1. Which ones in the range 123-148 are modelled with pLDDT under 80 and surrounded by 13 or more Cβ atoms within 10 Å (Cβ to Cβ)?
2. Out of the range 402-437, which residues are assigned to a loop (DSSP other than H, G, I, E, B) and out of contact with any strand residue (DSSP E or B) (no Cβ under 9 Å at 6 or more places or on another chain)?
3. Here is a check on your reading of the model: is residue 418 modelled with pLDDT of 90 or more and either under 14 Å from residue 448 (Cα atoms) or surrounded by 14 or more Cβ atoms within 10 Å (Cβ to Cβ) (or both)?
4. Taking the range 184-235 on its own, how many of its residues are surrounded by 14 or more Cβ atoms within 10 Å (Cβ to Cβ) and assigned to a helix (DSSP H, G or I)?
5. Can you name the condition, by its number, that residue 440 falls short on among (1) at positive phi; (2) touching a strand residue (DSSP E or B) at 6+ places or on another chain (Cβ under 9 Å)?
6. Looking for whichever is within 30 Å of residue 482 (Cβ to Cβ), surrounded by 14 or more Cβ atoms within 10 Å (Cβ to Cβ) and either modelled with pLDDT of 80 or more or out of contact with any helix residue (DSSP H, G or I) (no Cβ under 6 Å at 6 or more places or on another chain) (or both) here; the options are 358, 354. Which one fits?
7. Residue under question is residue 406, and the condition is that it be modelled with pLDDT of 75 or more, under 46 Å from the mean Cα position of the chain (by Cα) and either more than 30 Å from residue 326 (Cβ to Cβ) or outside the structural domain of residue 429 (by TED's automatic domain parsing) (or both); does it hold?
8. Of all residues in the range 149-172, which are in a loop (DSSP other than H, G, I, E, B) and either surrounded by fewer than 12 Cβ atoms within 10 Å (Cβ to Cβ) or over 49 Å from the mean Cα position of the chain (by Cα) (or both)?
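The values are calculated or read from the model by the stated rules, or taken from the named source; none is laboratory data. These figures come from a predicted structure and were not determined experimentally. All Cβ positions, even for glycine, are placed from backbone atoms using ideal geometry, and neighbour counts span all protein chains on display.
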């Protein structure tokens, strides 16, 4: 009986000890998780005592728990002594899994970097971007601000951890927009040195932009006035919006850009950081506008030609007939030179009228399969004789090309006009080359001369009726060529550089494959 009583007492004692152990473990967990600031303990003499935990401060603890940044405390060996709820939420782990672990298991840095980082804290604190491992296996970018604190002579590391995932997402989005923008974007520092460019800017201006002076590297000029564009001076009175400037691209070709620029500022005090420049290539748009204007003028001239050309030619023919009649009269022999001069001038006027009529959009043409090489070879002796008379050289570079649908007479007239202009452009001894080629998609007849480059202000007016730079020119030769190209659904391209000028009649469709 006594043995049974002793057994029951022992069982009760064991149960009591287990309950006390569980309570002790709960208290330790609460202390570890920052849930306890003080303990109420019963002494052996029956008196209760309040024991405030080392470093505990209720207000401090509330602030730490409610702050939006993560906070944790490290022992000198890197063991996590404490973390707040925000840090646990960042990692997606319960705090009891974080407390007591090594910081090495939480960060994505290498051991060497971590040791350097920990030693940096002891030298006065650091701030660095790092990554922490989350519970679901991902890496979270964070900004860690660490400093050393001492409590009763013992050193600890206090870390404030800021979640950078949203900031990094915005940065990635900004970088994506920056890199994929069709506009050229250039960022300069406060001295005007190029600090950053996107892909469009690199494609527009070539390599060697970074670190270069904006004004010297790009050398832009105002499209309207030709004045040199200077970035700092341009934005001194405020942002520049939609200014048209000219530049030379990596291939040397001139381009017209729509430029906007302004100063970069940051902070509440609007601290000056540098310059932001955006540029859009509007060369094609400007060319299209000029082409539309030229076609409008040609259309107007063509309507006029159709209306009055024949009416003017008939009286001239009558006057010429009478002058020829007077030329044969013996009594007027003393005036024959005057009659011949008047006949020559009437013939010249008739030629101008013929060119004038060629501008008519509704001019009847006979389209048929045409070999451009044969057309060129048929008129080459005449062209070569003219070149020889001028003291110039004329060569042919004809490739195998397919036939095109064309009016042979009109193509011959276009070729004569283009070669005539080429011979006028070169000095004595100059070279004019007539060539053909097939790109697989286009058949091209080109006339190149090695004369001087056409000035930009002249080039933009080419094809305008009655515009000429020649003393005795009519200004109808090139407009006729443009009209011929238009009637053949072709185009007349002009490329002029210091090495010479090329006019290319381009047919987009061929009737058969070469060879």
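1. 125, 126, 128, 148
2. Of the residues in the range 402-437, the ones assigned to a loop (DSSP other than H, G, I, E, B) are 402-403, 407, 426-430.
Correct list: 427, 428.
3. Values: modelled with pLDDT of 90 or more: yes; either under 14 Å from residue 448 (Cα atoms) or surrounded by 14 or more Cβ atoms within 10 Å (Cβ to Cβ) (or both): yes.
Considered against the rule, which asks whether it is modelled with pLDDT of 90 or more and either under 14 Å from residue 448 (Cα atoms) or surrounded by 14 or more Cβ atoms within 10 Å (Cβ to Cβ) (or both), residue 418 comes out as yes.
4. Qualifying residue count for the region: 13.
5. Every listed condition holds for residue 440 apart from (2).
6. On the way: 358 fails: either modelled with pLDDT of 80 or more or out of contact with any helix residue (DSSP H, G or I) (no Cβ under 6 Å at 6 or more places or on another chain) (or both).
Going through 358, 354 in turn, just one is within 30 Å of residue 482 (Cβ to Cβ), surrounded by 14 or more Cβ atoms within 10 Å (Cβ to Cβ) and either modelled with pLDDT of 80 or more or out of contact with any helix residue (DSSP H, G or I) (no Cβ under 6 Å at 6 or more places or on another chain) (or both): 354.
7. Numbers: modelled with pLDDT of 75 or more: yes; under 46 Å from the mean Cα position of the chain (by Cα): yes; either more than 30 Å from residue 326 (Cβ to Cβ) or outside the structural domain of residue 429 (by TED's automatic domain parsing) (or both): yes.
Answer is yes for this residue.
8. Filtering the range 149-172 down to residues in a loop (DSSP other than H, G, I, E, B) leaves 152-153, 164.
Hits for the range 149-172 are 152, 153.
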